[in-house]
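So that we are looking at the same thing, I have put the structure below in structure tokens.
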Amino acid sequence: MNKSLKTAGICVAVGVVLSVSPSWLTETLRSAVRDSIRPGHASLVFVQESAKSWLQRLGFADPSDLKLTNLEAELDEWKLRYRRLQSELIAQQSRLKQLEKSASNPWPTAEKFDPLVISRLAECRVLGHDLAKNWRQGKLLNHGLDEGLAESDLVLKSSDTLIDQSEHIQLAAGDPVYAGRTVVGEISQVGQWTSTIRPVTDANYVAFVQIVHQANGDSAVSAHGFLEGTGEELCRIKDVQATEYVHIGDPVYSAKQDSLTPQPMFYGTVERAKLDENSLTWDIWVRPALQPDELATVTVLRRELNPLRMSAQ
Amino acid sequence: MKYTLLLLLMYFAAVFETTAVQPWTVFDIAPRFLLLVAMAAVLMFNDWRAIAWTAVCGLVSDCLHGNSSPLGIELILACCLAVVYQQTLSKEKEEQRQSVLLTFLLCVGFVFFVNATSDIVRGALGNNALDIVSTIEWSLWSSLYSAALFIIGVLCVRKIKTFAPLSRRRVSTELTNQWKMLT
């Protein structure tokens, strides 16, 4: 028992010394103990993860995981809805500006006439990789050139994504291609049977765009510039002044609005933004929201002469 | 063997006490595994080794709890209580020492005293606003939960011990000298 008391006395003395020891010593001791239990933590996490995956494999899904999946789906839905509302808001803002400009019109309301050019949307199916390959190799259309059924060489030689509509519905090169409210690209070649899509990432693609900044639940156009394809997975926006506000994650919309495309269409989000020292413009990279080969159908906006006007002539 | 076991228990106790995900937490009350290991050492040894192990557990617990508070609070408290327990238990008979109820009460007292006192001392030294009533309440629930886990562990060990001698009881095939002399 004496030995116990002696040990207790020594331990208490050690405790007292430690309690008045300098902070560097206590910190060193603390760090050493905490570092030594780190492998134990790592093993425990590994065991927990393994047990979780085994339970999932056996069909015992964690209710919190299910809840998380549902919440993620709900979030995606809300994001889509938010983007649509944002697009409408920008359109309304520009319409308001236009109305403010024309409000001071001193003449009585002008009579409305039919427009000369009207826009129509055509839904087209995207030919999948295998189908497009067979088509280009002539396996689907082998009736011969004599009957005039051959496809245009430009279409066949192109490696761009194919759609199943062409000149018979008056598609023309440069017609914008959309998927919902998202810009996919434009028509590059129109053949006799099929057409090709030039994606927004194509090096020859150029469009005038606007970057929208969201702050405190409000959206406002922060900058305008030219979106160019780079031939890689990201597009680039040029000619955005260094004085403009650009943030990573800002959505990019089309800026060219007219009577044919009344609402801005979505391109993607800002992935990287760099402002070099002494540079007058931003270097902005945008990740497109969609690629043509990810889609089953797309819509092409056609512009054509109004048949009512033609018949009136 | 006992030292290895205690060392392993102490390591796992330290890991379990500081891990981020604690599935064993009930109503925000977590058991104090390190103090349970100290308690096991007190029951395991009757001499100075119990005090030494208790001191090590207290020091590790000091290192893991609190970032700016001084070290040694739990070490001193655990050592003092271990000496008191040893003095008390040495007077008891072996049967009484192995009583489940006594072990439970000792465990509750040990965890409660070290936990509550160290929290109050740390709060007082750090000039932090401390709600003493809620600290005591939390320590009491924690000590009850810890003691319940400890008793489950003790019962499991006792059950295993009752099976162990059966395997050792092998029938000897050799004839003893006594038997040879008799026959």
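In the Gaussian network model of chain A, springs joining C-alpha atoms below 10 Å, which of A:S53, A:S219, A:S254 carries the largest mean-square fluctuation?
Residue with maximal mean-square fluctuation among A:S53, A:S219, A:S254: A:S53.
Going by the alpha-carbon gyration tensor, a ≥ b ≥ c the square roots of its eigenvalues, is chain A rounded (a/c under 1.5) or, if a/c is not under 1.5, prolate (a/b greater than b/c) versus oblate?
Note, shape of chain A comes out prolate.
On to the next question. Do any of B:K91/B:K159; A:K3/B:K2; A:K67/A:K274 go past 31 Å between their Cα atoms, and which?
Pairs exceeding the cut-off: A:K67/A:K274.
Relative contact order, percent, of chain A when contacts are C-alpha pairs under 8 Å separated by at least 6 residues?
For chain A, the relative contact order is 17 percent.
Average partner chain C-beta neighbours within 10 Å, per residue of B:7-14?
The mean count of partner-chain Cβ atoms within 10 Å per residue comes to 2.
May I ask for the net charge around B:I29, where only other residues with Cβ less than 15 Å from the Cβ of B:I29 are counted and Lys, Arg are +1 while Asp, Glu are -1?
Charge balance near B:I29 sits at -3.
Based on alpha-carbon centroids, what's the gap between the stretch A:241-313 and the stretch A:1-64 in Å, whole number please?
Computed from Cα coordinates, the inter-centre distance equals 56 Å.
Another question, then. State whether the stretch A:263-313 is rounded, prolate or oblate according to the following rule on the C-alpha gyration tensor (a ≥ b ≥ c being the square roots of its eigenvalues): a/c under 1.5 gives rounded; otherwise a/b larger than b/c gives prolate, and the remaining case gives oblate.
oblate
Could you work out [θ]222 nm for chain A from helices alone, using -39500 (n - 2.57) per DSSP H run of at least four and dividing by all its residues? Round to the nearest 500 deg cm²/dmol.
-12000 deg cm²/dmol
A short reminder: the numbers here are calculations on the coordinates, not readings from a lab. As the structure is a computational prediction, the values presented were derived from the model and not from experiment. For neighbour counting, all protein chains shown are included, and Cβ atoms are generated from backbone atoms with ideal geometry for every residue, glycine included.
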